[in-house]
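The values are calculated or read from the model by the stated rules, or taken from the named source; none is laboratory data. Remember, it's a predicted structure, so these values are computed and weren't measured experimentally. Neighbour counts run over all protein chains shown; Cβ positions are idealised from the backbone, glycine included.
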Amino acid sequence: MKLCVVGLGYIGLPTACLFAKANLDVTGVDLDKQKVEKVSKGVCPFSETGLPELLKQVVESKRFTATTDVSICKNADVIIVAVPTPLKDKRMDGTALKNAVNSIAPHLKKGALIVIESTISPNTTSIMVKKLLEKVSKLKATTDFYLAHCPERAFPGKTLHEIVNNDRVIGGIDEKSTEKAVEVYSKIVKGTIYPTNSTVAEIAKLSENTYRDVNIAFANDLAMLCEKFGVNVFKVIELANKHPRVNIHLPGPGVGGHCIPLDPWFLTEEFESKIIPLSRNLNDSMPHHVVELLEKSLKGEKGKIALLGLAYKPDVDDMRESPAFEVAHLLTQKGFLITAFDPHIESASNITLARSAVDASKDALAIVIVTKHSKFKDMNWGEVKKVIKNPLIIDCVNLLEKPPAGFRMLGIGRGDLK
Ligand code: SAJ
């Protein structure tokens, strides 16, 4: 079985390698020449647990090759599309998806199966993609080719493990398409595969991330309530979650990443949701709350602020949509000077980086902890105390139970701290 994966990113590349490992003949296609050259030599273009070794293995065994030439799809029995679907004006930007589908369609061979893995708005598969494929290929969906949506659930840092072991929802535009897609994914997925139609699959995927965003918004709301009532929200959540059917999420400085801040908006394109915009806007307001906490303690004094953490979540080097940048932007607007330190990040555009937390804290008026990196847990606060100008910590991620010796501390949801 010949398989093409169009889009060799965080999802496409691991997926291609897993199919090659299952002994399919796999060709990866990407617009990025550099990336194709690197991948063709078995060099992984980004960090992901286990992927560099697997890529090397499948390139050496000649099960996987990469090219920029999409006409290679003419031989493919299966074509998987895993290209970005970013957000634009609170709607899905389908440009890359349309371009990918348009480039594949002229080479579509009869009987081929096309699978869209990208996260997409409801009905994208059965309307936009289907129409485009039929128009350009002159072939007819369900009689000449098969089409399905197979959303991914890969947690960055554990992508390979999750692609293989997580349950999977697969939705075709018709029964045959669903059947074909289930047959293909059974070659790499050990989790249970749940067949459905493409619209259910699209909405199920978006609902997973929207569920998370709405629950994070509730946690953030609860955090501000606990600040008012002078209690520790993390204690409240810990105890509430002792209930067998309660799973309150955690508050934070905002919601980052390339999925959670985007996917909920895909659901509101054609539907007037009440809770989705409310939750999105509440989560996006959290950087303002961080600044409020800081200004309350500094009483008008201006100067340098040390930002600890730039990544959007703990122990990754991914900064996409990270709330740390919104916090830095708001503080800069208010006349503060920002120096950041993140142990997982060497360079970041338009922000001054320090080589250590102590360096960042030199002469600082406060330290704002924005990412709960494990490496921050064994911080040498004695060293920080020696160089900081004003020993104040704003803990946005519940890194510290109580302030280190000689420091004052405030935190999101930490109404117990004065
Ligand atoms: N966050 C909170 N409070 C929480 C959990 C997370 O503030 O209780 C914040 C994080 O700090 C981060 C953001 O939300 O800034 C997103 O974090 P995340 O843990 O949801 O991570 P993602 O976006 O990397 O992964 C999500 C996952 N979706 C679900 O857990 C439902 C993952 O399984 C998906 O595969 C991924 O989105 C995706 O690709 O859709």
Checklist line | Given (1) surrounded by 18 or more Cβ atoms within 10 Å (Cβ to Cβ); (2) charged (D, E, K, R); (3) within 23 Å of K296 (Cβ to Cβ), number of the condition K228 does not satisfy | finding: (1)
Margin query: Checking the conditions here, which among K235, K187, K205 is within 13 Å of the ligand (Cβ to nearest atom) and basic (K, R)?
Written below: K205
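Going by the conditions given, is V384 surrounded by 20 or more Cβ atoms within 10 Å (Cβ to Cβ) and either touching a residue at least 40 places away in the same chain (Cβ under 8 Å) or of a type in the set (S, T, Y) (or both)? Before the answer, list the steps.
Numbers: surrounded by 20 or more Cβ atoms within 10 Å (Cβ to Cβ): yes; either touching a residue at least 40 places away in the same chain (Cβ under 8 Å) or of a type in the set (S, T, Y) (or both): no.
No: the conditions fail for V384.
What residue, of K313, K274, is farther than 23 Å from K418 by Cα, in contact with a Lys or Arg (Cβ under 9 Å, 6 or more places away or on another chain) and of a type in the set (K, R)?
Step by step, each of K313, K274 is checked, and only K313 is farther than 23 Å from K418 by Cα, in contact with a Lys or Arg (Cβ under 9 Å, 6 or more places away or on another chain) and of a type in the set (K, R).
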Item checked: Selection from segment 121-152 of residues that are within 16 Å of the ligand (Cβ to nearest atom) and out of contact with any Asp or Glu (no Cβ under 6 Å at 6 or more places or on another chain) -> T124, P151
Notebook entry, point to check: Does A340 meet the test of being touching a Leu at 6+ places or on another chain (Cβ under 6 Å), part of a loop (DSSP other than H, G, I, E, B) and either in contact (Cβ under 8 Å) with a residue 60 or more places away in the chain or not aromatic (F, W, Y) (or both)?
Noted result: no
Check: When you look at G252, is it buried (at least 21 other Cβ atoms within 10 Å of the Cβ), over 21 Å from L87 (Cα atoms) and of a type outside the set (D, E), yes or no?
Finding: yes
Notebook entry, point to check: If you go through segment 307-323 one residue at a time, do you hit one that is more than 16 Å from the ligand (Cβ to nearest atom) and either in a helix (DSSP H, G or I) or in contact (Cβ under 8 Å) with a residue 60 or more places away in the chain (or both)?
Noted result: no
Next item on the list: Could you please find all residues in segment 7-61 being of a type in the set (S, T, N, Q) and more than 19 Å from A154 (Cα to Cα)?
Entry: N23, T27, Q34, S40, Q57, S61
Next item on the list: Pull up segment 242-275, narrow it to residues that are in contact with a helix residue (DSSP H, G or I) (Cβ under 7 Å, 6 or more places away or on another chain), away from the ligand (no atom under 16 Å from the Cβ) and in a loop (DSSP other than H, G, I, E, B), then point me to the one that is farthest from A217 (Cα to Cα).
Entry: T268
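Give T49, T15 a once-over and let me know the one that is closer than 23 Å to M128 by Cβ and either surrounded by fewer than 18 Cβ atoms within 10 Å (Cβ to Cβ) or among the hydroxyl-bearing types (S, T, Y) (or both).
Every option except T15 fails the conditions.
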Item checked: Number of the condition not met by N283 [criteria: (1) surrounded by fewer than 23 Cβ atoms within 10 Å (Cβ to Cβ); (2) modelled with pLDDT of 95 or more; (3) among the polar types (S, T, N, Q)] -> (1)
Next item on the list: Residue by residue through segment 343-378, note down the ones that are without any contact (Cβ under 8 Å) to a residue 24 or more places away in the chain, in a loop (DSSP other than H, G, I, E, B) and closer than 16 Å to V327 by Cα.
Entry: S349, N350
